1. Would you say Glu87 is open to solvent by 10 Å² or more (accessible area, probe 1.4 Å), at positive phi and not hydrophobic (A, V, I, L, M, F, W, C)?
2. Output the number of the condition that Thr272 fails; it satisfies all remaining conditions of (1) open to solvent by less than 10 Å² (accessible area, probe 1.4 Å); (2) closer than 26 Å to Cys101 by Cα; (3) modelled with pLDDT of 80 or more.
3. Going through region 130-168 one residue at a time, which ones are in a helix (DSSP H, G or I), over 22 Å from the mean Cα position of the chain (by Cα) and at pLDDT 75 or above?
4. Do you know which residues across region 28-73 are outside any helix (DSSP H, G or I), of a type in the set (Ser, Thr, Tyr) and surrounded by fewer than 20 Cβ atoms within 10 Å (Cβ to Cβ)?
5. Here is a list: Glu261, Glu231. Which entry is more than 15 Å from Thr71 (Cβ to Cβ), modelled with pLDDT of 90 or more and outside the structural domain of Glu29 (by the TED database)?
6. If I filter region 243-269 down to residues being touching a strand residue (DSSP E or B) at 6+ places or on another chain (Cβ under 8 Å) and of a type in the set (S, T, N, Q), which single residue comes out as most open to solvent (accessible area, probe 1.4 Å)?
7. Quick one: in region 289-306, which of the residues that are open to solvent by less than 20 Å² (accessible area, probe 1.4 Å) and of a type outside the set (Phe, Trp, Tyr) is nearest to the chain's Cα centre (by Cα)?
8. Any residue in region 395-402 that is of a type in the set (Gly, Ala, Ser), at pLDDT below 80 and over 30 Å from Pro17 (Cβ atoms)?
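The values are calculated or read from the model by the stated rules, or taken from the named source; none is laboratory data. All of these numbers come straight from a predicted model, not from anything done at the bench. A quick note on method: Cβ atoms are made from the backbone with ideal geometry, for glycine too, and the neighbour counts reach across all protein chains shown. We work out accessible area using only protein heavy atoms, side chains counted, and drop any ligands, DNA or RNA first. Shrake-Rupley method; radii C 1.70, N 1.55, O 1.52, S 1.80 Å.
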Amino acid sequence: VTENRSHLEDLHLYATPREQRFRRFASLEFEGQLYMTPYDFIQAVTNDEPKCAKKWRSLSKQELNQILMETPPVWKGSSKLFRNLNEKGVISYTEYLFLLCILTKPHAGFRIAFNMFDTDGNEMVDKKEFLVLQEIFRKKNEKRERKGDEEKRAMLRLQLYGYHTSTNSVLKTEGEDHVPRSYWDTLRRSTSQALFSDLAERADDISSSLSDTTLLIHFFGKKGKAELNFEDFYRFMDNLQTEVLEIEFLSYSNGMNTISEEDFAHILLRYTNVENTSSYLENMRCRIPEEKGITFDEFRSFFQFLNNLEDFTIAMQMYNFASRSIGQDEFKRAVYVATGVKLSPHLVNTVFKIFDVDRDDQLSYKEFIGIMKDRLNRGFRGYKPVQRYTTFKSCVRKELYSR
């Protein structure tokens, strides 16, 4: 890989933004296919750029087997799984897309996802059913490919999928090529029994041409014979969401039980298209002069709400506030009705102080939804680096409490 690096770097020009990000953070290569480690994945969803320039390290079959041998079974999963595995794991590109989907989905969507994989309806998912994911995401990705040198595209597919792919689409549906859809929507729309039967017929061929990964071993065991039940599947998805949120929270809390309201604002405005974040931050500083802090439970509840943003949008439209501002009581009510999540009064007040730029204690519905959709899609719409800094007062406060 080192010898071919200069030759392979120009493949970046033919990659989509998702592919570019995966290639930028991936650090391992096995038989021509790139992989992320669990550490790479965490870095990719919590940082704008890798901490250091990545060099793809080639794995031998023996090294890969040793890494996979240390993969715990799914019933031993925890919200520290990725941190505990660290560099001892391999994640493929299609699994990277799947994990990104998990991060943006409400808990109610976990059952839908499980049922979509469970094609025979026996309340269990086996390895063959799960591998259908590879084909669905691969076909979806082909529709987003950048046009160019077909030889270079073929080389890029080999890097991402580990085998050469044809351009014949299994997932053809009328008009779909002209309508951009998320990977989750594609998965949800591609679940007819007939389609899964067609893809399942190819699952054995795909399985034989692909190497096992940490996720496959974690779900289906070292021999690939175990089956995944809903409880374990739900726990894995919930743990992953919690782990990423814990990492983001801890990166700002500096060992304390809370983060400042300003830090919370920085996190919310990350990965959004807001051009001038200073106005939002200055507005909040003036209107919340005394820091109370945001706890992890408050932090997590807000992102649980964000994962239900579509239902919240519907609730607000039913309230008929779609074209005008809303107050804090209306906001809290709509969040609870749509998502079942109760946001604390302090958290709601902080959100209003951040986004209520004209200071009338009303929230511009359309503006808020637009910004939060950017934040929810962390990385799907491109990254906007935000300088992280803490106010002098916040630094002093944390120093005092740490003594």
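1. Spelling it out, it is not the case that Glu87 is open to solvent by 10 Å² or more (accessible area, probe 1.4 Å), at positive phi and not hydrophobic (A, V, I, L, M, F, W, C).
2. Evaluating Thr272 over (1) open to solvent by less than 10 Å² (accessible area, probe 1.4 Å); (2) closer than 26 Å to Cys101 by Cα; (3) modelled with pLDDT of 80 or more leaves (3) as the failure.
3. Hits for region 130-168 are Glu151, Lys152, Arg153, Ala154, Met155, Leu156, Leu158.
4. Selection gives Ser58, Ser60.
5. Glu261
6. Restricting to residues being touching a strand residue (DSSP E or B) at 6+ places or on another chain (Cβ under 8 Å) and of a type in the set (S, T, N, Q), the top hit is Asn257.
7. Leu306
8. Keep residues of region 395-402 that are of a type in the set (Gly, Ala, Ser), which gives 402.
This time we only want the ones that are at pLDDT below 80, so: 402.
Filter once more, so that each one left must be over 30 Å from Pro17 (Cβ atoms): 402.
Checking region 395-402: at least one residue is of a type in the set (Gly, Ala, Ser), at pLDDT below 80 and over 30 Å from Pro17 (Cβ atoms).
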